[in-house]
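Read the structure below first, then the notes.
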Amino acid sequence: MRLYNTLGRAKQEFTPLRGNDVSLYVCGITAYDLCHIGHARSSVVFDVLVRYLRFKGYNVTFVRNFTDVDDKIIKRAAELGLTSQEVAEKYIAEFYVDMDALGVLRADVEPKCTEHIAEMITLTQGLIKDGHAYATLSGDVYFKVRSFEGYGKLSGRNIEDLMSGARVEPGEEKLDPLDFALWKAAKPGEPYWPSPWGNGRPGWHLECSAMSEKYMPLPLDIHGGGQDLAFPHHENEIAQSEAATGKEFARFWVHNGFVQINSEKMSKSLGNFFTIRDILAKFLPETLRYFLLSMHYRSPLDFSFDALEESEKGVRRIYTALLQVEEALAGTKWSKGAFPQEILDELSGYEKGFAEALEDDLNTAAALGHLFGVVRLAGRILEDKALRKTEAARDTLARIQAAVAAWSKVLGVYGLAPAVFLADLKTCRAARAGIDAAQVDALLEKRLEARKAKDFAASDAIRDELAALRVEVKDTPLGQVWDVL
RNA sequence: GGCGGCAUAGCCAAGUGGUAAGGCAGAGGUCUGCAAAACCUCCAUCCUCCGGUUCAAAUCCGGAUGCCGCCUCCA
């Protein structure tokens, strides 16, 4: 497949270095708070990448870490009156709740920083020995950025550019403002581990270098993360790992775009923040997942509840079609008959198009376009009273059903039983609109009476009454069905 | 200030040289007691603007304007 590689800033043909094996490392969360939509996007994007690589037959080793010791966690622990370990454990558990809801698969290895202190100390010792790092009197260890020739190659910066933005915090004993911490001496009350430089804890950038190398051979095939991690985090990882090992660190760097609110970055300081919980209180997880996949992973994605409602309609349309296909296939009487070749050709086109879309830098938005193509095709077959009873129609509908099922495994959407999803969706929408189901049922009962008496005026009056409650009634062969307007 | 990205219909959005996917909304039609759903048809002579390259550009190059991100923790 073709993947956009930040290292080189171009789409490149991706093939694994070691036969059929693919190594993928993605920077996971710092466990100090509930996950927001940005985490959801990153997780879902790389989840689809893993699923797709596996779909293609690769043997993928997927490692995603947890940062479980860090300034923010320590700060949060102080606020909550907990230990930093307790805070990390709490939010790792919350992470799993959200990710399971979103259908994000577990990684093969999910290493925690605190369980790899020894590896990080060893890595740091090696860097000091080779002159790439130095310890200060107070027990900090810094990486000597100017000792690594390739620094800046990922983010496209040079040392001079960086100098203008660099600064030294008070109390830091850096030899050069560009240097970054590998090891931080413990301040009173902070969690610490013993080291050759005294008690302290690892710097953030160091973890990923140590943990990726432990579980996968270098170079990694793919290293992923959010766009903001490219600099300095990923740049620093490259410097540490390549300076320490002399090997290339990662061949492909994949970065997902940001979630924005009104075209601005979502952030706590701007107060435009939504957690995954906020969303799932009002919408089904699949709606959010579909929304996240409806744009290319590298584009900025503007979040709003209005946009989510639009996605909800899209999801509903597809499930509605799948339900109709399912119901049609449950029939038993099939006849011989002609079937238009053009429908089969169109279906082949969508099948091919879907595969090509993902092949081209994981273009899920384009892939969804082909999914809708197939949905329209199903509708066309089902709408034609003569056509839909033919054996060829049956076979084609089954082929559509199979195609969507296969695609759903890659995208992680449309995999539920349609009737179950649609029932959940109705409940979800009714709750959001504040609809009282008992009240609706009573009105529907009255309307049924009126309809039995052919009193359409009364029936329509009740329908208006229901509409005022944001309830829409449909008369189907099976009776009245209601949904949220 | 340095580095980078984006600009496609009412809205969202795909599309990196061959003549504008898809979704939502909207209009007409089939169906229906009337509706709804579903289906069919229509809905950008044109891709922010100005130049250039080319037989051919939304797609490449130069410039302008606007928006955004990174350079500090951040998916």
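How many of the residues in the stretch A:192-219 are farther than 19 Å from A:His234 by Cβ and of a type in the set (Gly, Ala, Ser)?
So the count comes out to 3.
Out of the residues in the stretch A:355-394 meeting the condition of being more than 7 Å from RNA strand B (Cβ to nearest atom) and part of a loop (DSSP other than H, G, I, E, B), tell me which one is farthest from the chain's Cα centre (by Cα).
A:Ala386
Only one of (1) under 30 Å from A:Val50 (Cα atoms); (2) free of Cβ contacts under 8 Å to residues at least 40 places away in the same chain; (3) within 13 Å of RNA strand B (Cβ to nearest atom) fails for A:Pro418. Which number is that?
(2)
Output the residue which, of all residues in the stretch A:29-64 that are in a helix (DSSP H, G or I) and among the polar types (S, T, N, Q), is farthest from RNA strand B (Cβ to nearest atom).
Checked the stretch A:29-64; the qualifying residue farthest from RNA strand B (Cβ to nearest atom) is A:Ser43.
Given the condition surrounded by fewer than 21 Cβ atoms within 10 Å (Cβ to Cβ) and in contact (Cβ under 8 Å) with a residue 60 or more places away in the chain, answer yes or no: does some residue in the stretch A:53-63 qualify?
So far as the stretch A:53-63 goes, yes, one or more of its residues are surrounded by fewer than 21 Cβ atoms within 10 Å (Cβ to Cβ) and in contact (Cβ under 8 Å) with a residue 60 or more places away in the chain.
I'd like to check something: does the stretch A:186-199 contain any residue that is out of contact with any Ser or Thr (no Cβ under 6 Å at 6 or more places or on another chain), part of a strand (DSSP E or B) and modelled with pLDDT of 95 or more?
Yes: the stretch A:186-199 contains one or more residues that are out of contact with any Ser or Thr (no Cβ under 6 Å at 6 or more places or on another chain), part of a strand (DSSP E or B) and modelled with pLDDT of 95 or more.
Looking at the stretch A:371-395 only, could you name the residues that are of a type in the set (Ser, Thr, Tyr) and buried (at least 22 other Cβ atoms within 10 Å of the Cβ)?
Answer for the stretch A:371-395, where residues must be of a type in the set (Ser, Thr, Tyr) and buried (at least 22 other Cβ atoms within 10 Å of the Cβ): there is none.
Results for (1) surrounded by fewer than 18 Cβ atoms within 10 Å (Cβ to Cβ); (2) under 20 Å from the mean Cα position of the chain (by Cα); (3) more than 16 Å from RNA strand B (Cβ to nearest atom), shown as yes or no for each residue.
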| residue | (1), (2), (3) |
| --- | --- |
| A:Asp228 | yes, yes, no |
| A:Ile238 | no, no, no |
| A:Glu242 | no, no, yes |
| A:Val259 | no, yes, no |
| A:Thr287 | no, yes, no |
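Sort out which residues of the stretch A:397-415 are of a type in the set (Ser, Thr, Tyr) and away from RNA strand B (no atom under 14 Å from the Cβ), and write them in order of number.
A:Ser408 - this is the single residue of the stretch A:397-415 that is of a type in the set (Ser, Thr, Tyr) and away from RNA strand B (no atom under 14 Å from the Cβ).
Go through the stretch A:71-113 and give me each residue that's in contact (Cβ under 8 Å) with a residue 24 or more places away in the chain and of a type in the set (Val, Ile, Thr).
Once the filter is applied, which keeps residues that are in contact (Cβ under 8 Å) with a residue 24 or more places away in the chain and of a type in the set (Val, Ile, Thr), the stretch A:71-113 yields A:Ile73, A:Ile74, A:Thr83, A:Val87, A:Ile92, A:Val104, A:Val109.
Could you check, for the stretch A:431-451, whether at least one of its residues is closer than 21 Å to A:Gly331 by Cα and either within 13 Å of RNA strand B (Cβ to nearest atom) or assigned to a helix (DSSP H, G or I) (or both)?
Checking the stretch A:431-451: not a single residue is closer than 21 Å to A:Gly331 by Cα and either within 13 Å of RNA strand B (Cβ to nearest atom) or assigned to a helix (DSSP H, G or I) (or both).
Among the candidates A:Glu356, A:Glu445, which residue alone is in the same structural domain as A:Tyr319 (by TED's automatic domain parsing), surrounded by fewer than 18 Cβ atoms within 10 Å (Cβ to Cβ) and at pLDDT below 95?
Only one candidate qualifies: A:Glu356.
So in the stretch A:415-438, with the set limited to residues that are of a type outside the set (Gly, Ala, Ser) and in contact with a Leu (Cβ under 7 Å, 6 or more places away or on another chain), which one is farthest from A:Leu323 (Cα to Cα)?
Ranking the candidates gives A:Ile435 first.
Answer yes or no: is there a residue in the stretch A:262-277 that is in a strand (DSSP E or B), of a type in the set (A, V, I, L, M) and crowded, with 16+ Cβ neighbours inside 10 Å.
No, the conditions are met nowhere in the stretch A:262-277.
Do you know which of the residues in the stretch A:245-257 that are touching a strand residue (DSSP E or B) at 6+ places or on another chain (Cβ under 6 Å) and of a type in the set (Phe, Trp, Tyr) is farthest from RNA strand B (Cβ to nearest atom)?
Only one residue tops the list, namely A:Phe252.
Does A:Ala181 fit the bill of being within 11 Å of RNA strand B (Cβ to nearest atom) and either in contact (Cβ under 8 Å) with a residue 60 or more places away in the chain or of a type in the set (S, T, N, Q) (or both)?
Here the answer is no, as A:Ala181 does not meet what is asked.
The values are calculated or read from the model by the stated rules, or taken from the named source; none is laboratory data. Keep in mind the model is a prediction, meaning the values are calculated, not measured. Heads up, the Cβs are rebuilt from the backbone with ideal geometry, glycines too, and the neighbour counts pull from every protein chain shown.
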